[in-house]
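The values are calculated or read from the model by the stated rules, or taken from the named source; none is laboratory data. The shown structure was predicted, so the numbers you read here are calculated from the model rather than taken from an experiment. With ideal geometry, Cβ positions are generated from the backbone for all residues, glycine too; neighbour counts draw on all protein chains shown.
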Amino acid sequence: MTDAAGSPASNNYILASLPEEELSHLLPYLRLVRLEQGTLLYPARQPIDQVLFPTTGVISWVATTQEGDRVETGIIGWEGIVGASVVLGDDTLPFQIEVQLPGEAQVMPADRFQSEFDQCPILQSLVLRFLHTGLVQLAQSAACNRYHTVEARLCRWLLTASDRANSDRLVLTQDTLAGMIGARRPAVTIALGTLQSAGLIQARRGEIRLLNRENLEAATCECYSIVRQALEQFLHPL
(Lines give C-alpha, C1' and ligand atoms only; values in the text may rest on other atoms or scores of the structure.)
Protein backbone atom coordinates (compact mmCIF):
# COMPACT_ATOMS: atom_id res chain seq x y z
CA MET A 1 0.00 0.00 0.00
CA THR A 2 1.16 3.51 -0.76
CA ASP A 3 -0.03 6.85 0.60
CA ALA A 4 -2.56 8.58 -1.62
CA ALA A 5 -4.49 11.81 -1.91
CA GLY A 6 -8.07 11.37 -3.06
CA SER A 7 -11.12 9.59 -1.62
CA PRO A 8 -12.43 11.23 1.57
CA ALA A 9 -13.57 9.20 4.56
CA SER A 10 -17.18 9.89 3.57
CA ASN A 11 -16.76 7.55 0.58
CA ASN A 12 -16.84 4.60 2.98
CA TYR A 13 -20.30 3.68 4.23
CA ILE A 14 -19.30 2.85 7.81
CA LEU A 15 -17.32 6.05 8.28
CA ALA A 16 -20.00 8.13 6.57
CA SER A 17 -22.66 6.66 8.88
CA LEU A 18 -20.94 7.84 12.05
CA PRO A 19 -22.12 11.05 13.74
CA GLU A 20 -19.73 13.93 13.17
CA GLU A 21 -18.50 13.86 16.77
CA GLU A 22 -17.69 10.14 16.63
CA LEU A 23 -16.00 10.46 13.24
CA SER A 24 -13.85 13.28 14.59
CA HIS A 25 -12.36 10.82 17.09
CA LEU A 26 -11.22 8.56 14.24
CA LEU A 27 -9.98 11.17 11.76
CA PRO A 28 -6.62 11.88 13.45
CA TYR A 29 -5.70 8.21 13.08
CA LEU A 30 -6.90 7.66 9.51
CA ARG A 31 -4.49 7.67 6.59
CA LEU A 32 -5.52 7.39 2.93
CA VAL A 33 -3.62 4.71 1.02
CA ARG A 34 -3.62 3.40 -2.53
CA LEU A 35 -4.55 -0.28 -2.94
CA GLU A 36 -2.64 -1.85 -5.81
CA GLN A 37 -4.20 -4.84 -7.55
CA GLY A 38 -2.83 -8.14 -6.28
CA THR A 39 -1.45 -6.71 -3.03
CA LEU A 40 -1.54 -9.18 -0.14
CA LEU A 41 -2.95 -7.13 2.74
CA TYR A 42 -3.05 -9.83 5.42
CA PRO A 43 -1.33 -13.21 5.09
CA ALA A 44 -3.21 -16.12 6.65
CA ARG A 45 -2.56 -16.71 10.35
CA GLN A 46 -0.56 -13.50 10.76
CA PRO A 47 -1.42 -10.74 13.27
CA ILE A 48 -3.65 -7.93 12.01
CA ASP A 49 -1.97 -4.64 12.89
CA GLN A 50 -4.26 -2.26 11.01
CA VAL A 51 -7.82 -2.02 9.74
CA LEU A 52 -8.95 -0.61 6.42
CA PHE A 53 -12.09 1.22 5.34
CA PRO A 54 -12.17 0.87 1.51
CA THR A 55 -13.45 3.89 -0.40
CA THR A 56 -12.93 2.44 -3.89
CA GLY A 57 -11.79 -0.90 -5.27
CA VAL A 58 -12.56 -4.45 -4.14
CA ILE A 59 -10.87 -6.62 -1.51
CA SER A 60 -11.27 -10.41 -1.24
CA TRP A 61 -11.04 -13.05 1.45
CA VAL A 62 -9.18 -15.91 -0.24
CA ALA A 63 -8.85 -19.46 1.08
CA THR A 64 -5.87 -21.48 -0.18
CA THR A 65 -4.76 -25.11 -0.01
CA GLN A 66 -1.30 -26.64 0.40
CA GLU A 67 -1.50 -27.57 -3.28
CA GLY A 68 -1.89 -23.90 -4.23
CA ASP A 69 -5.59 -23.96 -5.12
CA ARG A 70 -7.50 -20.75 -4.36
CA VAL A 71 -11.11 -19.74 -3.92
CA GLU A 72 -12.74 -16.53 -2.76
CA THR A 73 -14.93 -16.75 0.33
CA GLY A 74 -15.98 -13.12 0.63
CA ILE A 75 -15.69 -9.70 -0.98
CA ILE A 76 -15.53 -6.19 0.50
CA GLY A 77 -15.84 -2.75 -1.08
CA TRP A 78 -16.91 0.77 -0.20
CA GLU A 79 -19.52 -0.50 2.24
CA GLY A 80 -17.26 -2.23 4.71
CA ILE A 81 -14.18 -2.69 6.82
CA VAL A 82 -11.20 -5.03 6.49
CA GLY A 83 -9.57 -6.50 9.59
CA ALA A 84 -12.56 -6.04 11.89
CA SER A 85 -12.12 -9.51 13.39
CA VAL A 86 -9.83 -7.86 15.95
CA VAL A 87 -12.95 -6.79 17.84
CA LEU A 88 -13.94 -10.45 18.21
CA GLY A 89 -10.83 -11.18 20.25
CA ASP A 90 -8.77 -12.72 17.43
CA ASP A 91 -6.13 -10.77 15.54
CA THR A 92 -5.48 -13.52 12.97
CA LEU A 93 -7.50 -15.09 10.15
CA PRO A 94 -7.31 -18.60 8.63
CA PHE A 95 -7.45 -17.12 5.11
CA GLN A 96 -5.59 -14.31 3.37
CA ILE A 97 -6.95 -10.92 2.34
CA GLU A 98 -5.85 -9.37 -0.93
CA VAL A 99 -6.72 -6.52 -3.29
CA GLN A 100 -8.79 -7.84 -6.18
CA LEU A 101 -9.61 -4.55 -7.92
CA PRO A 102 -7.41 -1.47 -7.34
CA GLY A 103 -8.65 1.47 -5.33
CA GLU A 104 -8.12 3.42 -2.13
CA ALA A 105 -8.82 2.95 1.57
CA GLN A 106 -8.65 4.81 4.84
CA VAL A 107 -6.37 2.85 7.19
CA MET A 108 -5.80 3.11 10.94
CA PRO A 109 -3.86 1.13 13.58
CA ALA A 110 -5.78 -1.87 14.88
CA ASP A 111 -5.22 -0.97 18.52
CA ARG A 112 -6.66 2.50 18.02
CA PHE A 113 -9.63 1.06 16.19
CA GLN A 114 -10.24 -1.38 19.05
CA SER A 115 -10.16 1.49 21.54
CA GLU A 116 -12.64 3.58 19.55
CA PHE A 117 -14.85 0.54 18.97
CA ASP A 118 -15.05 -0.13 22.71
CA GLN A 119 -16.23 3.45 23.35
CA CYS A 120 -18.66 3.98 20.46
CA PRO A 121 -21.96 2.02 20.41
CA ILE A 122 -22.83 3.26 16.92
CA LEU A 123 -19.51 2.03 15.53
CA GLN A 124 -20.07 -1.28 17.32
CA SER A 125 -23.47 -1.70 15.68
CA LEU A 126 -22.17 -0.84 12.20
CA VAL A 127 -19.18 -3.18 12.41
CA LEU A 128 -21.09 -6.12 13.87
CA ARG A 129 -23.86 -5.79 11.29
CA PHE A 130 -21.24 -5.67 8.56
CA LEU A 131 -19.57 -8.81 9.92
CA HIS A 132 -22.96 -10.51 9.62
CA THR A 133 -22.96 -9.79 5.87
CA GLY A 134 -19.56 -11.47 5.74
CA LEU A 135 -20.96 -14.60 7.36
CA VAL A 136 -23.74 -14.66 4.77
CA GLN A 137 -21.18 -14.42 1.97
CA LEU A 138 -19.01 -17.14 3.50
CA ALA A 139 -21.87 -19.61 3.83
CA GLN A 140 -23.40 -18.83 0.45
CA SER A 141 -20.06 -19.01 -1.38
CA ALA A 142 -19.47 -22.49 0.02
CA ALA A 143 -22.86 -23.70 -1.21
CA CYS A 144 -22.55 -21.94 -4.57
CA ASN A 145 -19.08 -23.27 -5.38
CA ARG A 146 -20.18 -26.80 -4.48
CA TYR A 147 -23.53 -27.04 -6.26
CA HIS A 148 -23.85 -24.46 -9.02
CA THR A 149 -22.53 -24.27 -12.56
CA VAL A 150 -19.46 -22.27 -13.56
CA GLU A 151 -21.66 -19.90 -15.56
CA ALA A 152 -23.97 -19.21 -12.61
CA ARG A 153 -21.02 -18.72 -10.25
CA LEU A 154 -19.38 -16.40 -12.76
CA CYS A 155 -22.52 -14.25 -13.01
CA ARG A 156 -22.77 -14.13 -9.22
CA TRP A 157 -19.17 -12.98 -8.86
CA LEU A 158 -19.40 -10.33 -11.58
CA LEU A 159 -22.57 -8.86 -10.09
CA THR A 160 -21.25 -8.93 -6.53
CA ALA A 161 -17.92 -7.37 -7.52
CA SER A 162 -19.76 -4.69 -9.49
CA ASP A 163 -21.89 -3.86 -6.44
CA ARG A 164 -18.82 -3.52 -4.22
CA ALA A 165 -16.82 -1.57 -6.81
CA ASN A 166 -19.74 0.69 -7.74
CA SER A 167 -18.76 0.13 -11.36
CA ASP A 168 -19.77 -2.02 -14.32
CA ARG A 169 -16.13 -2.09 -15.47
CA LEU A 170 -13.98 -4.73 -13.75
CA VAL A 171 -10.24 -4.86 -14.43
CA LEU A 172 -8.98 -8.41 -13.89
CA THR A 173 -7.65 -11.43 -15.75
CA GLN A 174 -9.42 -14.68 -16.49
CA ASP A 175 -6.87 -16.52 -14.34
CA THR A 176 -7.81 -14.35 -11.37
CA LEU A 177 -11.50 -14.81 -12.05
CA ALA A 178 -11.09 -18.57 -12.22
CA GLY A 179 -9.45 -18.57 -8.81
CA MET A 180 -12.18 -16.46 -7.30
CA ILE A 181 -14.98 -18.86 -8.23
CA GLY A 182 -12.99 -22.07 -7.77
CA ALA A 183 -13.06 -23.07 -11.44
CA ARG A 184 -10.52 -24.01 -14.11
CA ARG A 185 -9.42 -21.34 -16.58
CA PRO A 186 -10.80 -23.16 -19.70
CA ALA A 187 -14.24 -23.44 -18.09
CA VAL A 188 -14.22 -19.72 -17.26
CA THR A 189 -13.19 -18.85 -20.83
CA ILE A 190 -16.13 -20.84 -22.20
CA ALA A 191 -18.58 -19.26 -19.73
CA LEU A 192 -17.35 -15.75 -20.55
CA GLY A 193 -17.80 -16.49 -24.25
CA THR A 194 -21.36 -17.65 -23.66
CA LEU A 195 -22.22 -14.51 -21.70
CA GLN A 196 -20.61 -12.27 -24.30
CA SER A 197 -22.45 -13.97 -27.16
CA ALA A 198 -25.70 -13.33 -25.29
CA GLY A 199 -24.85 -9.64 -25.00
CA LEU A 200 -24.58 -9.69 -21.21
CA ILE A 201 -20.93 -8.70 -20.95
CA GLN A 202 -18.01 -7.48 -23.01
CA ALA A 203 -14.81 -9.39 -22.25
CA ARG A 204 -11.47 -7.98 -23.33
CA ARG A 205 -7.94 -8.79 -22.28
CA GLY A 206 -7.74 -7.87 -18.60
CA GLU A 207 -11.18 -6.24 -18.50
CA ILE A 208 -14.85 -7.21 -18.27
CA ARG A 209 -17.77 -4.81 -18.71
CA LEU A 210 -21.26 -5.64 -17.53
CA LEU A 211 -23.71 -4.67 -20.28
CA ASN A 212 -27.02 -6.12 -19.10
CA ARG A 213 -27.40 -6.52 -15.34
CA GLU A 214 -31.03 -7.63 -15.53
CA ASN A 215 -30.21 -10.63 -17.71
CA LEU A 216 -27.06 -11.37 -15.71
CA GLU A 217 -29.22 -11.60 -12.61
CA ALA A 218 -31.56 -13.93 -14.47
CA ALA A 219 -28.60 -16.13 -15.47
CA THR A 220 -27.13 -16.43 -11.99
CA CYS A 221 -28.24 -18.60 -9.08
CA GLU A 222 -30.18 -17.57 -5.98
CA CYS A 223 -26.89 -17.02 -4.16
CA TYR A 224 -26.51 -13.54 -5.61
CA SER A 225 -29.92 -12.37 -4.39
CA ILE A 226 -29.26 -13.78 -0.91
CA VAL A 227 -25.93 -11.95 -0.63
CA ARG A 228 -27.41 -8.82 -2.17
CA GLN A 229 -30.31 -8.86 0.29
CA ALA A 230 -27.86 -9.07 3.20
CA LEU A 231 -26.02 -6.05 1.80
CA GLU A 232 -29.26 -4.08 1.39
CA GLN A 233 -30.31 -4.89 4.96
CA PHE A 234 -26.95 -3.61 6.17
CA LEU A 235 -27.13 -0.41 4.12
CA HIS A 236 -30.81 0.26 4.86
CA PRO A 237 -31.70 -1.18 8.28
CA LEU A 238 -35.30 -1.02 9.42
Next on the checklist: I'd like to check something: does segment 30-53 contain any residue that is outside any loop (DSSP other than H, G, I, E, B), at pLDDT 95 or above, crowded, with 16+ Cβ neighbours inside 10 Å and under 12 Å from the mean Cα position of the chain (by Cα)?
Outcome noted: yes
Checklist entry - Of the residues LEU123, LEU159, LEU93, which single one is assigned by TED's automatic domain parsing to the domain that holds GLY206, touching a residue at least 24 places away in the same chain (Cβ under 8 Å) and hydrophobic (A, V, I, L, M, F, W, C)? => result LEU159
Checklist entry - So which residues in segment 86-95 are crowded, with 18+ Cβ neighbours inside 10 Å and under 16 Å from HIS132 (Cβ atoms)? => result VAL87
Checklist entry - For GLY83, all conditions in the list (1) touching a residue at least 60 places away in the same chain (Cβ under 8 Å); (2) among the small types (Gly, Ala, Ser); (3) on the phi > 0 side of the Ramachandran plot hold save one; what is the number of the exception? => result (1)
Checklist entry - Would it be correct to say that GLN202 is in the same structural domain as SER162 (by TED's automatic domain parsing), surrounded by 13 or more Cβ atoms within 10 Å (Cβ to Cβ), free of Cβ contacts under 8 Å to residues at least 12 places away in the same chain and assigned to a helix (DSSP H, G or I)? => result no
Checklist entry - When LEU138 is evaluated against the numbered criteria (1) more than 19 Å from the chain's Cα centre (by Cα); (2) of a type outside the set (D, E, K, R); (3) not assigned by TED's automatic domain parsing to the domain that holds GLU217, which criterion, by number, is the only one it fails? => result (1)
Item to check | Answer from THR160, THR176 - the residue that is under 25 Å from THR64 (Cβ atoms), crowded, with 16+ Cβ neighbours inside 10 Å and at pLDDT below 95 | outcome: THR176
Next on the checklist: With the structure loaded, tell me whether GLU98 is in contact with a strand residue (DSSP E or B) (Cβ under 8 Å, 6 or more places away or on another chain), closer than 19 Å to THR173 by Cβ and either at pLDDT below 90 or surrounded by fewer than 19 Cβ atoms within 10 Å (Cβ to Cβ) (or both) or whether it fails that test.
Outcome noted: no
Item to check | Selected residue (criterion: nearest to ALA105 (Cα to Cα)) from residues of segment 10-28 that are of a type in the set (D, E, K, R) and surrounded by fewer than 16 Cβ atoms within 10 Å (Cβ to Cβ) | outcome: GLU20
Next on the checklist: Suppose we filter LEU200, LEU195, LEU172, LEU211 for residues that are under 20 Å from VAL99 (Cβ atoms) and in contact with a Leu (Cβ under 8 Å, 6 or more places away or on another chain); which single one remains?
Outcome noted: LEU172
Checklist outcome for this item: Across segment 105-150, the tally of residues that are outside any helix (DSSP H, G or I) and surrounded by fewer than 22 Cβ atoms within 10 Å (Cβ to Cβ) stands at 5
Checklist entry - Pick from segment 57-74 the residues that are at pLDDT 95 or above and β-branched (Val, Ile, Thr): which of them is nearest to LEU131 (Cα to Cα)? => result ILE59
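Out of segment 212-237, which residues are among the aliphatic types (A, V, I, L, M) and either closer than 19 Å to LEU135 by Cβ or surrounded by 15 or more Cβ atoms within 10 Å (Cβ to Cβ) (or both)?
Hits for segment 212-237 are LEU216, ALA219, ILE226, VAL227, ALA230, LEU231, LEU235.
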